[in-house]
Amino acid sequence: MATAAGDFHAFRLDLTEAVLTAVEGDELVITRWRPGEDVKAFRRG
């Protein structure tokens, strides 16, 4: 679907944390990122 030039919405996103939760085998894996920190993964079995 094509849109006319200038037909868009702009917004600002101020993230303080991003989290991804997944199941790997029989473990719950929680991966977290925060600005200025390394990505950390936590595993719960």
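Each value in this text was obtained by applying a stated rule to the coordinates, not by laboratory testing. Given the structure is predicted, the values throughout are model-derived calculations rather than measurements. Virtual Cβ from ideal backbone geometry, glycine too; neighbours counted across all protein chains shown.
Key figures for this structure:
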| item | result |
| --- | --- |
| Gained length - HIS9 relative to VAL29, 0.36 nm times residue gap less alpha-carbon distance | 3.7 nm |
| In Å, descending, principal axis extents of the Cα set of the chain | 51, 28, 11 |
| Normalised contact order of the chain, rounded percent, pairs of Cα under 8 Å and 6 or more residues apart | 27 percent |
| Assigned charges on the beta-carbon of Lys, Arg, Asp, Glu; the stretch 2-45 dipole about Cα centre (debye) | 120 debye |
| Where labels lie 7 Å past Cα in the beta-carbon direction, separation of ALA18 and ARG43 in nm | 2.3 nm |
